[in-house]
Amino acid sequence: MAKKLVIVESPAKAKTIEKFLGRDFEVRASMGHIIDLPKKGLGVNTRKDFAPQYEIIEERKGVIAELKAASKKAEEVYLAPDPDREGEFIAWSLMQTLGLKNPRRAVFNEITRKAVQEAIQKPRTINEDLFNAQQARRVLDRLVGYKISPLLWRRVQSGTSAGRVQSVALRLICDRERQIRDFVPQEYWTITALLSKLGEQERFEATLVARFTELAGQPPAEGEEEAAAEGEESEGGPEGESERRAEETRRRLHIGNQREAEAILAELRGANFTVWRLLQREVRRQPPFPYTTSTMQQDASSRLYFKPKKTMSLAQQLYEGIELGPRGSQGLITYMRTDSTRVSDEAKANVRRFIEQTYGQPFVGPGRVGKLKATAQDAHEAIRPTDVTLTPELVREYLTPDQYKLYSLIWRRFVASFMAPALFDTVRADIVAGQYVFRASGSHLRFPGFYAVWPRDEEERLLPVLAVDEVLALHQLKPQQHFTQPPPRYTEASLIKELEELGIGRPSTYVPIISTIQERGYVTQEQRRFVPTWLGETVNELLNKHFPEIVDVGFTADMEQKLDNVEEGRQSWTEFLRDFYETFKETVARAEAEMDRVQKPVEELDELCPECGRKLVIRSGRFGRFISCSGFPECRYGRSFVNKTGALCPQCGGDLVERKTRQTRRIFYGCSNYPTCNFAIWERPVPEPCPRCGGLMVIPRGSQEPVCYEEVVLPQQNPEERPQQNGLVSHQRGRSSRRKKTPTEGEQSADGLPESGESSAASQETVSLTASTGKSRRTTKGSQAASNGKVTGSSIRRRSTTKASASNKKSKGKKSTREKNSTGKKVGAGKTTETAESSQGSQSVGKQETQTAASTSTRATKGKPASLAATPADSDQR
C-alpha cells in the first residue's frame, strides 16, 4: 500500500513529526532551500517583469532525486515547511522542482501531536500571495545588493557591500556614534542626606529635589509617583526602571557647579530635618507580555548574554522537537518567528488551570495581550511553551544547558503574563530642611503575583515608619558631582528594539541584519555595544550622499509595508518592483558618475622599519589591523597589531593584550608573553590596580564598574570556562550545547546565498592562512558552467560542473594531501585552517594581510557564509 509523503525542511523536524503520524506516512526533509538565485550575475530579468532565474543548489541534487522517487510512489504529498513567507517559498520550490501536480500544504504553529494531525486533516493549497511576497523581497534585495555593491568595491575596497535593510541598521549605529561625538557634557551636582529616626540605628537616604517655595501649596504629585511605581515592565529588561530614574533626576533642583552646591550646603548647616508630608498608596505592577521574536532576542541578550543568532538557533531546536525519554520527541515551544502577543484560547485555559493548581486562585490573572502594532503581521501567536505542564525542571535532564536557559525564560515569561499583578505598599516622604525639600521613597512587596515565577529587576527599598512633623537625625550630607551622559551605543538587544519600533525588517530578518554588518567589518563590539569602523562610516557616508532613499528609515519601513500588501494580495509583486526600479536605476547611474574614489587612511607610528628604515604604519585588512612598512610594496615587512590594555599580567608582569578566538572571533585578553605565560581572561582589564590588594582590576560582563579579579571574579569562575591563548575556547564538561546545524538554521548566509564554499566574484582564487607559519596556501577552482532546464512558473537552471572543474578537484585533493603531510592538518572541501590572532604571528602576518587585501575572495570556513569578501550582500533574509 502506498504511503502518504510529508516533506519538511530539517531532519530533526521530520523525526518528531513522523512519530505523530503513524505507519501510513513517510516524512522526509528537503534540507532547507533547494533552489536559489545564481551566485554569479544578477539572476533577474529586469526587462521581463523581473522574472527570477532560479538554480538548483548543487548540494541538494541528491536530496531532490530521493524526494522525486518518493513522491512518485506516494499516494498523496503534503508540504509542511515553516508557516511563513520563506516556508511558502520552499513549498512552492518543492512543487515546481519535483513536478507535483496538486500537493497539499500543511501548516502548524507548534509541533505537537494534536497540531500536526489537525494540519494534515485540514490542508490548504500553496498561498501564491505569500510566495510572491517572499519572491519580491528576494528580488528586491538582489537588485539593491548587486547594483550598489560593485560600485562600492571600485570606490572603497573589495568586499564592501550594501543591503536594503543592513544599510539602514548601519546608519542608525553611525548616527548614534555621531551624536556621541558631538555631545557636550554638562556638569551638575546632587546632594543626598543620610538620615535616621532619633535614637535609632537604621539609616536611609533622602535626595534634595526642590526648594520649599516651589512645592508649598501644591498637592503631592500622586500621578507622578504612580507612574514611577506602576509603570509597565520594560520588554527589554531593567531598562524601563533606568529610564524612570533618569526622568526623576531631570525633575530635581538643578545645581550647576561646585560653587552652587557649596552655597546650598552652607544654608543647610544647622538646619532641622522634619517630615513635611507622607504619601502612602498601594501600587500594582503589571506582568510582562508574552514573547515576540524581537522581545525574546532582547531578553536573551540582556539576561542570558546570548547573541540573537544563538537565541534563534536554540529556539529552532526547541521548536523542531526534543527527545523527552518516555514521552517521546516533542516540540517544546511554538513557532519562534512572530510579531504578535496573541495567544490561543486553548493555551489560555491551560495556563490558567496550571497557575491555579500550582500557585492558587489568587495568582490567576486576566492575561496580558498587547495592542497590535501597525507594522505587525499577526500571522502567528506569541512564543510560548506547547505544554505548560512541561516545566523547565521537568525537562531539564533532556536539554543542553543553553536549551534549558532559553526554555526556562520562555516558559516563565508565558506563565507570568497570565498571573495576577504584583502589589506594593509604597511610601514617599518629603522632608523639609531650611528652605529645601529632600525626598525619600520606599516600597514593600505585599503580594508577589507574577513575581512568583518572574525575576525582579530592582531591589526592595524600605523606609522606617515615619510620622508627619517628626524630626529626624542627620548623619551626613553628601554632595556629588555628575556629568550628563550621551545616548548609549546600541547593543544587539537595543538595536533590534529600535528596528522593530521603526518598522524596519521582520522577525526573520533581525539576525541576518546584525550578523551581516559585523561580518562585513562595518561595526565592532566594545563591551557588547556596537562601534562603527572606518569602513562602516565611509560606506554609510557614501550611501547617505548618493543613495539617500536606500538608507532612509521612513523609505525602508514603507517598503516593508508594501511587501505586506503583496502578501495580503493588495498589490502585484511585479508592480511593486517596477515602481521601485525605475527611480533606483537612475540613482545608480548618477552615483556611478559622481562617486569619487576613497583612500583608506593609514596611521603612522613613531617607529622605523627594521628592514628599510622608513616609517611603520597601521593598516586595516580583511582580518583587522596590522603593522606594515610605509614603503610597501617595495618593502614587504609586516607584523601583527597588538592592542595593549595598559594592564599587567598578574602571573608574570607582561602586558595584557586583546586577542580573538579562532572560530567565533570572540574577544579575550591574554598575556603578551605567550606561550611562556598562558594567562587569559574574558573580562576586560583596566590599567588601574586594585586599591585594596594592588592586583588586577577587570570589568565583568554586563557591568560598567571595575572589580578586583582575585577577590570577585576568580572565586565565581570555573577554570574550564576560561579562554585559551591558542585561540580556542574551553567548555564545561558534561552535556555539550553545540549541535550540528539543521539546514533551516544555517543553510543560507546573511546575504541570502547558500553556503557551498564557492566564490561568486570574478576571481576564483581562494586563500587559506596559517598564522603560526605565515604561509598561504592557494588553490584555484575551475569555472562552473550551467546548463538550462526550465520549470513551470520561473526558470530554474541546473548547475553542472565541467571537466575542468573535475580535474581541478582532483588536483586540489592532491594538494590537500601534501598540506596535510606538511602541517598535520587536513584541508578538504568546505573546510579551512582557521587563523588565531596572536602577538607571536611574526613578520609574516603583515604579508598575509597584504595578500588578502589584494585578492577578491577568501575561502569560507565551515558553518559561515561563503565568500563574504567577494559576494555582494543582496538579501536580508535569514
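Solvent exposure of the stretch 515-595 amounts to 44 Å² per residue of accessible area, where only protein heavy atoms count and the probe is 1.4 Å. Compared with the alpha-carbon gap, the fully stretched path from Arg327 to Ala216 is longer by 33.2 nm at 0.36 nm per residue. For trypsin sites (Lys or Arg not before Pro), the sites in the stretch 244-325 that DSSP calls loop and that have at most 12 other Cβ atoms within 10 Å are Arg269. The residue list Leu495, Ile431, Pro507 was ranked by how far each Cα lies along the charge dipole of the stretch 408-526 toward its positive end, using unit charges on Cβ atoms, and Pro507 comes out on top. Pairs from the table (Lys13/Lys68; Lys309/Lys545; Lys147/Lys660) lying more than 26 angstrom apart at Cα are Lys309/Lys545; Lys147/Lys660.
Roughly speaking, to the nearest percent, how much of the stretch 450-512's 1.4 Å accessible area is carbon and sulfur? The nonpolar share, carbon plus sulfur, comes to 50 percent.
Once the Cα-Cα distance is subtracted from the 0.36 nm per residue extended length, the Asp469 to Ala70 segment shows a gain of 135.0 nm.
For the stretch 64-93 versus the stretch 15-62, the spacing of their alpha-carbon centroids is 9 Å. If only the Cβ of Lys and Arg carry +1 and only the Cβ of Asp and Glu carry -1, the dipole of the stretch 509-548 around its Cα centre is close to 80 debye. Among residues other than Leu394 with Cβ under 15 Å from its Cβ, the summed charge is -1 (Lys and Arg +1, Asp and Glu -1). The residues Lys348, Lys600, Lys15, sorted by heavy-atom accessible surface at 1.4 Å with ligands and nucleic acids left out, run Lys15, Lys600, Lys348 from largest to smallest.
Each of Leu332, Leu265, Leu502 has its accessible area taken with a 1.4 Å probe; listed largest first, they run Leu502, Leu265, Leu332.
Among residues other than Tyr335 with Cβ under 9 Å from its Cβ, the summed charge is -3 (Lys and Arg +1, Asp and Glu -1). Computed with every protein chain present, the accessible area of Thr524 is close to 60 Å² [probe 1.4 Å]. For Ala51 and Glu460, a Förster radius of 51 Å and the Cβ-Cβ distance give a FRET efficiency of 0.20, rounded to the nearest 0.05. Restriction of the GluC sites (Glu not before Pro) in the stretch 180-213 to DSSP coil positions whose beta-carbon has at most 10 other beta-carbons within 10 angstrom yields Glu200, Glu202. The modelled label-to-label distance for the pair Gln724/Glu634, using points 7 Å beyond Cα in the direction of Cβ, is 4.5 nm.
Note that the stretch 84-163 presents 33 Å² accessible area per residue, ligands and nucleic acids not counted, probe 1.4 Å. For the stretch 582-691, GluC sites (Glu not before Pro) meeting the loop criterion (DSSP other than H, G, I, E, B) and having at most 11 other Cβ atoms within 10 Å: Glu634.
The values are calculated or read from the model by the stated rules, or taken from the named source; none is laboratory data. Nothing here was measured: the structure is a model prediction, and the numbers come from that model. Glycine also receives a Cβ, built like all others from the backbone with ideal geometry; neighbour counts cover every protein chain displayed. In case anyone asks, the SASA skips ligands and DNA or RNA and just uses the protein heavy atoms, side chains included. Shrake-Rupley method; radii C 1.70, N 1.55, O 1.52, S 1.80 Å.
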